[in-house]
Every structure is written in structure tokens, then in C-alpha cells.
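Heads up: the structure comes next, in C-alpha cells.
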2 protein chains.
Amino acid sequence: MLNISTLKNQQIYLKSSPMDKLLEEHFEIKISNVENLNNDQILVEIIYISIDAANRAWMQGRTYRSQVLPGDVMGGYALGKVIFSNNKNFNVGDYVEGDLGWQNYAIKNENELIKTTIKSSENLHMSVLGITGRTAYFGLELANLKEGETVLISAAAGAVGNVAGQIAKIKGCKVIGITSSEDKAKWLIDELGFDGVVNYKNNNFVKDLRSLCPEKVDVYFDNVGGPIFESALFAMNNYGRIICCGAVSQYDQAAPQNGPRGVPGLIVTKRLTLKGFIVMDFNQKEEEEAENTLLGWVNEKKIKPAEDIMIGLENTPKALIGLLNGDNKGKRLVKIK
Amino acid sequence: MLNISTLKNQQIYLKSSPMDKLLEEHFEIKISNVENLNNDQILVEIIYISIDAANRAWMQGRTYRSQVLPGDVMGGYALGKVIFSNNKNFNVGDYVEGDLGWQNYAIKNENELIKTTIKSSENLHMSVLGITGRTAYFGLELANLKEGETVLISAAAGAVGNVAGQIAKIKGCKVIGITSSEDKAKWLIDELGFDGVVNYKNNNFVKDLRSLCPEKVDVYFDNVGGPIFESALFAMNNYGRIICCGAVSQYDQAAPQNGPRGVPGLIVTKRLTLKGFIVMDFNQKEEEEAENTLLGWVNEKKIKPAEDIMIGLENTPKALIGLLNGDNKGKRLVKIK
């Protein structure tokens, strides 16, 4: 039987709140013994930690979850396996997911865990079939895409963006991505089938965007906010829809800057609809449907999974800092075990 | 029979484009003889000119209509009567409306005029039953109000805002207004039945807003944009709806400034829906329905018409400049004849 007290738990703490860009010095790693479980508690060994831009937003203040403060184990969505259980609803060997944090082992109560089934591989479960893949799926459901429409996607090489682009292609749309390097642009076009990609770091970004979308944009899937959101506002067709999924351009700093010009003036004159959403709001049935549909598309090779996996808990800070700098292609995960 | 060539037409031209605040010196008045009509043209004598914040936005650039440029007769929605017609579809004595401009007489083609019926008085036709009243009506239709919800309205003493507030009261909502003076605040509460009003010029504006809406805001009817829009974003409930009707805070200047912070971050985390709309997009049947409903409410004394009427074409520039400064209570019109 497992002797819990012999387990060493590496944990990454937020040491101080970043006032500007996130650095490794904002974290510290500590090692301790795993504590004893209370009644009904569950001990989870973490397998994969999901690295998401939202992790940085959690340090800025309250969002859809409480702020991560100095002295907290850094929060992070993760996949794990139950290795000990005082709870009748969870058995050793069960796969679970939830905000397990940046550590090897998490002691959790029943309501903090979602029991899950791996329908494919652990990594696919955390990429295309995971929160980011489902975010892309649900966001485009809200957009109600019609064949032949032009869809613009920012952070197109990111975990959400690349899947959103591939889904929009399946739906028969023209898909234009926005990214930060020629390398990622080439990858999106050659490997994932995007119709065109603009590099927002180019001086000609606005002109490039205009020339790739002469018919203007019907749906903009916004992952970034800020000046790119502004450029997209100007590129929209009347009656266009904007799916507000995230604002990564605003996360890696003290507090959000002033927003784009033309808000809400352009929303009025172009009769736009903007919709914010959070993937956690969808119910289990909807999640199930999303997962099955996405898995079907992967199996039919209509979606090519894009994963960017780093190894070792100690690399988690680096993984997030790099993601905020746009280093990743596809879903960034850290493999812990 | 009417001798057209003897008619003197006073016309107000835009002399130069305002780079900042609009002043009387940006206009000039000229008097000329009315020209002869071509085949199919119609001569209209203008009765009431509608003064709208959007008039100022037309000077900034292309909106839902072409920009008003120096040398143009200033544009303006107006009610008039046909006094001469070369067109078989329009008869002398017909009431018409459209963008007739700031002048006594307009020569128009058929497609530039809407034939209209005065169901009440000329001024009510241009206020509660007119574009601004219908804008309030259609905007709240898009908001899909539910009884008991909290509705926040900016530029609440304006032509659109005051009607929107009165309609939201009819629908059983709690209605909070935002305005720029204690006098208008008192008027909105005492005369029009608003539940509360905050003065955005007070230092305590954000605190006042919070204390008037402890349950937060379900629907924000935005007429102003800018920093007030920002404060409203923070005051919204999750899943709240924002009706984007105008951005008057951004009109009386060269070009829109940077927008509010937290866009689209707050749109995401609060799962907001923003909808821009233009009143002209609704069809004749919808307009008819709006007009009849509004007239019914006026007759039942559920809506108190609020009109702010100035006399004389020469006062039109002053009327618009004053409106942009928030001088008016209710619908501002200039009576020309």
C-alpha cells in the first residue's frame, strides 16, 4: 500500500506579483512531504499541466476565478490520476482534471475534481479535446459560421487559434490568421491549411490584413485584444460578429491599458455583435458533444493536432513565460510524469 | 401657382471641418434663390430639423452615411411638406422626411424622401415617434428586457435616453440614468420616473453608480462610449447585455481617442454581449409597429414626451453645439416654419 508520507511534492509558488512582464524570479520552487488526507479527500498525481495565457491574467486580479497571490501554489489546469482516496466516488486509477496547480501531487476535495475518460491519448485529451480545443469549438458555435464567410483569427498559432482555424476550414470558410513570426505563418499555411496569415509585427500589418481580406471579415475570433483587436474592428464587415475569447495582449503587464479606439463607435456604425464567453460555462452534455466531434475530426485527419510539450515541473515557469512571448506552436503542455 | 424663382432659400454650410470642439465659426449661412427642378424632382419646405449628436460624427468621417465636408450644406434629418412636385408619386401637401439638410427648402429625388403620415402632432412625430424614440424602442427590443432587471442608460436626459428609460420602466425594470447635471437628474427622477440618476461630473461618480446598483447592471444602453462606457463595463453583471447606440463622448473632437480599458477583457470574463445597431436598418412594418406602440404609450400617459424646441434656421448651429454640451432635456428640434 502507498505510504503517503514518503512522497516528496515539488511545488511552484508565486513569490511576488509581477508588475510588468512575468519573469522566472516571480516564482520559487519548494519541496515538502505530502500531508495526510482528511476524510473524503483525494490524492492526485499530476501528469500534464496545461499552460495557458489566462494563467498570467489570474495574477492581475479576480477574473472568473480568484486572483493568484504571492504565497499561493501557482494555479494551473491539469490532468492527473488518483493514487489514494478517502472518497467513495473516486478510486485509485481514476483520471481526473481540474485546477490542480503547479506541483507533483494535489490533495483535493470531491467538488474540485472532474472525473474524466481518456478517449485517445493523454496529450490529445489535453490539446484538441481539452479546454483549448473545446474553447475553439464553442466559440465558433457562438459565431454561427456560414460557408464562404471570411474568418479572422488572432494568436492563430496558439492552442485555441490553430484549432479554431482548422474548424473554420471544415465549415467551408476562408480563414486568415494573425501571428507573430514568419515561421509560424508558414506552418499555419503549409501544415494546417490556413488560407492566409499576416504577421502583426510587420510594419505593413494593416495593409497586409486589408489585402488578404478584400471582402472584409465576417467573423473575428479574438484571443488578444488591444491594437490587433482595433485593426480587426476596422476590417469588419457590417453585421460582423466578434467572438471575444481572450485578451492576451493585455495580460503580461500591471493592469489593462486603455483599449482600442473606435469602441464602441465602430460597433455601432458596423452593427457588430460582440460576445464574450468562458468555456467552463458549457454543460457536460455540450462538452461531451464537443469532444466527440473534435475526436471525429482528428480521426478523419481534418484536424491535425498541434502540441508543444515541455518536460519537467521545474520548466513550468519557463513554459508560461515563453507562451506569453509567442514561442509555442499549438497547445503547450508540461509533462510532469 | 407657386413661383419657385421668388423663393429665398437660407442654407447653412459647413465652412471648415472642426479639428476639436464644434464652434459657430465652422458654419456659414448663405441665401440664394431656389433653383428649377428637374424632371421627377420634388420641392420640400422644411418644418422641423432634428438635432442629433450623430450630426457631429458625420463631420469626422464616413459613418453609415458619407462625411459632411466643407462646402456642403450641413446634413440633418428633417420633416417637411411638398410644395411643388414634378414626380407623380408625390403631391403638394404631402408630409415627407429624410436628410433634408439645414435649409428652408430642399430639392430632392424620389429615393431621398420618405412619405409620412402625422398621427399626432408634428413635434411628437419628430420626438417620441421619430428616429430617436424609435431608436430607444428598437435598442431595447434587442436587449430583450426582463421584468425586474436593472437597466443603466447614459445620456439619459437626451432624446434617446429619456425615452429608453421610460420604456424600461413600462417593462418593469429598475432604471438608473447617467447625466451631466443635478438639474437634469432631478428632472429624470421627478418627471420621468427614473429610479435613480448619477451625475458623471461628480467626483464620486463610480461610487455613486455602485451604490445605486448594488445588484449590478443587467442591460446597459450606451449612448456615449468613452470613460462612461468603461465604468459601465465594470458595473455589469455576468451575462449582461450592452446595447451600443452611440458614442457621443467621442464625436466632438478630431478623431476617436483610445477606448476604455478592459475591452475586450471584461467582455470575456463577464461573458457580455454587445450589439451595435442603427435605427435605419429596421423595415417599414417594424417602424410602423414601433410608432403605434409609442403613440399608445404617450396616449396612456406612460411616456411623457420631452421636447426641447428652438426657433429659426439661424439657430441650428447653436442648437447642435449646445446639444453636444448637454444643454438639452429631451429631443432637440429646430422649428423652421
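Okay, here's what the table says:
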{"read-out": "Qualifying positions in the range B:280-292 - surrounded by fewer than 18 Cβ atoms within 10 Å (Cβ to Cβ) and farther than 20 Å from B:Asn223 by Cβ", "value": "B:Asn283, B:Gln284, B:Lys285, B:Glu286, B:Glu288, B:Glu289, B:Asn292"}
{"read-out": "Residue within the range B:189-196 that is surrounded by 23 or more Cβ atoms within 10 Å (Cβ to Cβ) and in contact with a Leu (Cβ under 8 Å, 6 or more places away or on another chain) present", "value": "yes"}
{"read-out": "Residue within the range B:198-205 that is charged (D, E, K, R) and within 20 Å of B:Pro260 (Cβ to Cβ) present", "value": "yes"}
{"read-out": "Cβ pairs under 6 Å, 6+ apart, first in the range B:34-62 and touching a residue at least 60 places away in the same chain (Cβ under 8 Å) and outside the structural domain of B:Val224 (by TED's automatic domain parsing), second among the basic types (Lys, Arg) and not in a strand (DSSP E or B)", "value": "B:Ile47/B:Lys337"}
{"read-out": "Answer residue from the range A:40-69, given it is among the hydroxyl-bearing types (Ser, Thr, Tyr) and within 14 Å of chain B (Cβ to nearest Cβ) and is farthest from the chain's Cα centre (by Cα) among those", "value": "A:Ser66"}
{"read-out": "Total residues in the range A:1-33, condition touching a residue at least 40 places away in the same chain (Cβ under 8 Å), among the aliphatic types (A, V, I, L, M) and more than 11 Å from A:Pro317 (Cβ to Cβ)", "value": "4"}
{"read-out": "Qualifying residue in the range B:143-157 (condition: hydrophobic (A, V, I, L, M, F, W, C) and without any contact (Cβ under 8 Å) to a residue 40 or more places away in the chain)", "value": "no"}
{"read-out": "Filtered residues of the range B:219-237 (kept if out of contact with any Asp or Glu (no Cβ under 9 Å at 6 or more places or on another chain) and more than 7 Å from chain A (Cβ to nearest Cβ))", "value": "B:Tyr220, B:Phe221, B:Asn223, B:Val224, B:Gly226, B:Pro227, B:Glu230, B:Ser231, B:Leu233, B:Phe234, B:Ala235"}
{"read-out": "Total residues in the range A:97-149, condition among the polar types (S, T, N, Q), more than 15 Å from the chain's Cα centre (by Cα) and part of a loop (DSSP other than H, G, I, E, B)", "value": "6"}
{"read-out": "Within the range A:298-337, considering residues that are assigned to a loop (DSSP other than H, G, I, E, B) and without any contact (Cβ under 8 Å) to a residue 40 or more places away in the chain, the one nearest to A:Val73 (Cα to Cα)", "value": "A:Gly312"}
{"read-out": "Positions within the range B:1-49 being polar (S, T, N, Q) and under 17 Å from B:Lys337 (Cβ atoms), in sequence order", "value": "B:Thr6, B:Asn9, B:Gln10, B:Gln11"}
{"read-out": "Among (1) modelled with pLDDT of 95 or more; (2) crowded, with 23+ Cβ neighbours inside 10 Å; (3) not assigned by TED's automatic domain parsing to the domain that holds B:Ala78, the one test that B:Leu320 misses", "value": "(3)"}
{"read-out": "Filtered residues of the range B:82-101 (kept if surrounded by 16 or more Cβ atoms within 10 Å (Cβ to Cβ) and either within 20 Å of B:Lys335 (Cα to Cα) or free of Cβ contacts under 8 Å to residues at least 60 places away in the same chain (or both))", "value": "B:Val82, B:Ile83, B:Ser85, B:Asn87, B:Phe90, B:Asp94, B:Tyr95, B:Val96, B:Glu97, B:Gly98, B:Leu100, B:Gly101"}
{"read-out": "Of the criteria (1) more than 14 Å from chain B (Cβ to nearest Cβ); (2) out of contact with any Ser or Thr (no Cβ under 9 Å at 6 or more places or on another chain); (3) at pLDDT 95 or above; (4) within 28 Å of A:Gln166 (Cβ to Cβ), which one A:Ile243 fails", "value": "(1)"}
{"read-out": "Within the range A:197-218, considering residues that are farther than 14 Å from A:Ile178 by Cα and surrounded by fewer than 18 Cβ atoms within 10 Å (Cβ to Cβ), the one nearest to the other protein chains (Cβ to nearest Cβ)", "value": "A:Lys216"}
{"read-out": "Residues satisfying the stated conditions in the range A:113-138, i.e. surrounded by fewer than 19 Cβ atoms within 10 Å (Cβ to Cβ) and in contact with a Lys or Arg (Cβ under 6 Å, 6 or more places away or on another chain)", "value": "none"}
{"read-out": "Output for the range B:253-279, where each listed residue is facing another protein chain (nearest Cβ under 7 Å), out of contact with any strand residue (DSSP E or B) (no Cβ under 7 Å at 6 or more places or on another chain) and surrounded by fewer than 20 Cβ atoms within 10 Å (Cβ to Cβ)", "value": "B:Gln257, B:Ile278"}
{"read-out": "Selection status of B:Arg271, outside any helix (DSSP H, G or I), outside the structural domain of B:Glu112 (by TED's automatic domain parsing) and under 21 Å from B:Phe205 (Cα atoms)", "value": "no"}
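The values are calculated or read from the model by the stated rules, or taken from the named source; none is laboratory data. Computed from a prediction, not measured in an experiment: that's the story for all the values here. Note that each Cβ is placed from the backbone with ideal geometry, even for glycine, and that neighbours are counted across all protein chains shown.
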